[in-house]
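Visitor: My questions will all concern the structure given below.
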Amino acid sequence: MPDQDEIITIIDEDNNEHDVIIYDILELEGKRYAIVVPLVDEEEEEPEDLEDSEDFDGESEGDAFVLKIEQDEDGEDILVEVDDDEWDKIKDACMEVLESNGDED
């Protein structure tokens, strides 16, 4: 299972690699989700483009987004995109985690 604060590389549908950090892991309705945040390349001012990801506000790049943790045929954890129906079910819990962690700073 991926760990909180772990930096991982994900590959989008166009085979582009993106480094992200796992901000938090939630379990909701028996399923696990990773809230991930794109890492900013030191040479760029903006975070890497993750156009295929679910943004929290749907507007700006660099926002946290959520991927579902599933297992492949070998039992290894993989991260997969969350569809719109599932996002509607989990977005409040994800926002609550982000807001509560932001209050601790």
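Visitor: Would you kindly derive the ³J(HN,Hα) couplings of the range 73-87 from the backbone phi angles with the Karplus curve 6.51 cos²θ - 1.76 cosθ + 1.60 (θ = phi - 60°), listing them in order in whole Hz, with x for Gly and Pro?
Guide: Once rounded to whole Hz, the list reads 5, 9, x, 7, 5, 10, 9, 10, 5, 8, 6, 4, 5, 5, 4.
Visitor: Also: How far apart, in nm, are two points set 7 Å out from the Cα along the Cα-to-Cβ line at Thr9 and at Lys91?
Guide: Going by the 7 Å Cα→Cβ label model, 3.2 nm.
Visitor: Ok, one more. Could you sort the peptides 90-99, 28-37, 7-16 by per-residue average Cβ neighbour count (10 Å cutoff), highest mean leading?
Guide: Per-residue Cβ counts within 10 Å, averaged per peptide and sorted highest first, yield 28-37, 90-99, 7-16.
Quick note: the coordinates plus some simple rules give every number you see, no bench work behind them. Computed from a predicted model, the values in this text were never measured in an experiment. Neighbour counts run over all protein chains shown; Cβ positions are idealised from the backbone, glycine included.
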